[in-house]
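Quick notes on the structure that follows.
The values are calculated or read from the model by the stated rules, or taken from the named source; none is laboratory data. Source: prediction; values computed, not measured. Glycine gets a Cβ as well: all are built from the backbone with ideal geometry, and neighbour counts include every protein chain shown. The accessibility values were calculated without ligands, DNA or RNA, using every heavy atom of the protein model including side chains. Shrake-Rupley method; radii C 1.70, N 1.55, O 1.52, S 1.80 Å.
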Amino acid sequence: MSAPLRLMAVHAHPDDESSKGAATMARYVREGVEVLVCTCTGGERGSVLNKKMDRPEVVANIAEVRRAEMARAREILGVQQRFMGFVDSGLPESEDEALPEGCFAVQKLEDATAPLVAAIREFRPHVIITYDDDGGYPHPDHIMTNRVSVEAFEAAGDPDRYPGTGDPWQPLKLYYHMGFTKERFEALHEAMMERGLGSPYADWISRWEDRPAKWPVTTRVPCGDYFEIRDQALLAHATQVDPDDGFWFVCPRELQQEIWPTEDYHLARSLVDTAVPEDDLFAGIHADEVEPACH
């Protein structure tokens, strides 16, 4: 029997894994792929976005609550997960606001990357998925997650870099999440309007900058059958998601499955030959390149 394929998803906070690429991970897990989510921070400075959960006992214990939510989401998705041990940086209200001392986003790049290099060398992923260099949106932890992921992808296979973090392992492909594209939201908007549902996306689309995408979509992974699991995992993060009055569930799931049944990515690095567009994150990876993991 050949060794299983392995996928690593690198995220900034608990809940990011459920809003970005969750259906992809759920699909691959159920096809026998080993999936590890690396969560850089504990989300300690995140706001309680669900008003129903904005209670004193929740706010006072937000770190523990968010870890418990992550554990539930991890179980729903069927993935492995570990925290990288850094503290949430929070989202500054202005560009002039200083980030908290010691938080993830102000770490030296090498210090912030070392735990991820160790995780890569232990888990030995063939593919890594993370955010683009704008972080998907400009949260300092998301931007730092991109920097750390790129650095780790480049360094993990070099025996001279990051000594003491395990035997070298070179991942073969690195992808950026491309879930928030104008094309996708326009398609969902038009479908909702045609069906008389109204659409929450009109104002957002009207303010979208009319310029070419910085990172074009290269890879669309069919995973509509797993949108229900994605939604269940997202709902596990109850402090962040309101099931009755939230952005994530405005568009009916059945309509999403019909109109846009994929999760989309940009192939940022590849050490294997592959032709784009792709429909599989493991395209171009052959059986003789799949070695057993060490764990």
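One residue stands out among those in the range 89-111 that are of a type in the set (A, V, I, L, M) and in contact (Cβ under 8 Å) with a residue 40 or more places away in the chain: the one that is least open to solvent (accessible area, probe 1.4 Å), which is 109. Can you tell me how many residues within the range 208-221 are at pLDDT 85 or above and either under 19 Å from residue 252 (Cα atoms) or of a type in the set (Lys, Arg) (or both)? Residues in the range 208-221 being at pLDDT 85 or above and either under 19 Å from residue 252 (Cα atoms) or of a type in the set (Lys, Arg) (or both): 2 in total. When the criteria are applied in full, residue 272 meets the requirement of being open to solvent by less than 20 Å² (accessible area, probe 1.4 Å) and part of a loop (DSSP other than H, G, I, E, B). In the range 21-34, of all residues being under 20 Å from residue 235 (Cβ atoms) and not hydrophobic (A, V, I, L, M, F, W, C), the one that is surrounded by the fewest Cβ atoms within 10 Å (Cβ to Cβ) corresponds to 30.
Matching residues to (1) over 21 Å from residue 98 (Cβ atoms); (2) out of contact with any Asp or Glu (no Cβ under 7 Å at 6 or more places or on another chain); (3) crowded, with 17+ Cβ neighbours inside 10 Å:
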{"residue": "131", "(1), (2), (3)": "yes, yes, yes"}
{"residue": "137", "(1), (2), (3)": "no, yes, no"}
{"residue": "142", "(1), (2), (3)": "no, yes, yes"}
{"residue": "147", "(1), (2), (3)": "no, yes, yes"}
{"residue": "153", "(1), (2), (3)": "yes, yes, yes"}
{"residue": "162", "(1), (2), (3)": "yes, yes, yes"}
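For first residues located in the range 68-88 and touching a residue at least 24 places away in the same chain (Cβ under 8 Å), partners that are in a helix (DSSP H, G or I) and open to solvent by 50 Å² or more (accessible area, probe 1.4 Å) and lie 6+ apart or on another chain with Cβ distances below 6 Å form the pairs 76/232; 81/74. Within the range 51-67, take every residue that is touching a residue at least 40 places away in the same chain (Cβ under 8 Å) and more than 18 Å from the chain's Cα centre (by Cα) and give me the one that is most open to solvent (accessible area, probe 1.4 Å). The extreme case among them is 51.
Based on this model, can you work out whether residue 117 counts as surrounded by 16 or more Cβ atoms within 10 Å (Cβ to Cβ), within 16 Å of residue 12 (Cα to Cα) and at pLDDT 95 or above? The answer is yes for residue 117.
Quick grid of which residues meet (1) touching a His at 6+ places or on another chain (Cβ under 6 Å); (2) among the small types (Gly, Ala, Ser):
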{"site": "6", "(1), (2)": "yes, no"}
{"site": "12", "(1), (2)": "yes, yes"}
{"site": "28", "(1), (2)": "no, no"}
{"site": "34", "(1), (2)": "no, no"}
{"site": "43", "(1), (2)": "yes, yes"}
{"site": "55", "(1), (2)": "no, no"}
{"site": "58", "(1), (2)": "no, no"}
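Return the only residue of 205, 229 being at pLDDT below 95 and assigned to a helix (DSSP H, G or I). After applying the criteria, what remains is 205.
Using the structure shown, decide if residue 226 is among the hydroxyl-bearing types (Ser, Thr, Tyr), open to solvent by 30 Å² or more (accessible area, probe 1.4 Å) and touching a helix residue (DSSP H, G or I) at 6+ places or on another chain (Cβ under 6 Å). Yes, satisfied. Against the list (1) over 25 Å from residue 227 (Cβ atoms); (2) of a type in the set (A, V, I, L, M); (3) crowded, with 19+ Cβ neighbours inside 10 Å, the condition residue 37 fails is (1).
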